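Student: Dropping a structure here in structure tokens format, bear with me for questions.
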Amino acid sequence: MKKKIFIATHADLSEGFKNAAKLIVGSSADEITTFCLYEGQSAEDFKKQIKEYKEAHPSMDIIVLSDLFGASIFNAMVELHTMEDVYVVTGVNLGLVLDLLLEDRKINLELLKEKISTAQKGVLVLDHMEKDTGDEF
């Protein structure tokens, strides 16, 4: 199934995610489009571009990843989730980006919730990890 990932963040964060993903998974990261919001710009412009992309590619699964819940970018993107096969996720991290890039199945809400749960488990304080897990890092 074809998918398109948009990462919309404040400043250059989305470019950092794309560059890091490209370093790790190579050309698979080329399917990411980034939006970097700077002072004086409107997140509404990003939303319009995503809508136009979806209209031009109606069978494509669209995943919109944003950095902060409740921030201007997320608030602008909320409307997009009403479109068929468009998913808006906030709190992006690199683990989630990589997991989504490597996913071959059709995207759906249940799968996304699974991916988010996995990504959240990657946020840890080392003091709280078991000392002897038997796993090597």
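The values are calculated or read from the model by the stated rules, or taken from the named source; none is laboratory data. What you see is a predicted model, and the numbers here were worked out from it, not measured in a lab. So basically every Cβ, Gly included, is an ideal-geometry build from the backbone, and we count neighbours across all protein chains shown.
Student: Looking at the stretch 106-125, is at least one residue aliphatic (A, V, I, L, M), over 12 Å from the mean Cα position of the chain (by Cα), modelled with pLDDT under 95 and more than 22 Å from residue 12 (Cα to Cα)?
Tutor: yes
Student: Based on this model, can you work out whether residue 95 counts as assigned to a helix (DSSP H, G or I), modelled with pLDDT of 95 or more and in contact with a helix residue (DSSP H, G or I) (Cβ under 6 Å, 6 or more places away or on another chain)?
Tutor: It is true that residue 95 is assigned to a helix (DSSP H, G or I), modelled with pLDDT of 95 or more and in contact with a helix residue (DSSP H, G or I) (Cβ under 6 Å, 6 or more places away or on another chain).
Student: Of the conditions (1) at pLDDT 95 or above; (2) out of contact with any Ser or Thr (no Cβ under 8 Å at 6 or more places or on another chain), residue 88 satisfies every one except a single condition; which number is it?
Tutor: Unmet condition: (2).
Student: Next question, about the same structure. Name the single residue that is surrounded by the fewest Cβ atoms within 10 Å (Cβ to Cβ) among those in the stretch 12-34 being assigned to a helix (DSSP H, G or I) and charged (D, E, K, R).
Tutor: Here the answer is 30.
Student: Here are the criteria: (1) within 23 Å of residue 38 (Cβ to Cβ); (2) assigned to a loop (DSSP other than H, G, I, E, B); (3) more than 16 Å from the chain's Cα centre (by Cα). Tell me which single one residue 59 does not satisfy.
Tutor: Tallying (1) within 23 Å of residue 38 (Cβ to Cβ); (2) assigned to a loop (DSSP other than H, G, I, E, B); (3) more than 16 Å from the chain's Cα centre (by Cα), residue 59 fails exactly one: (1).
Student: Here's something else I'd like to know. Only residues that are touching a residue at least 60 places away in the same chain (Cβ under 8 Å) and of a type in the set (S, T, N, Q): list them for the stretch 15-55, please.
Tutor: Once the filter is applied, which keeps residues that are touching a residue at least 60 places away in the same chain (Cβ under 8 Å) and of a type in the set (S, T, N, Q), the stretch 15-55 yields only 28.
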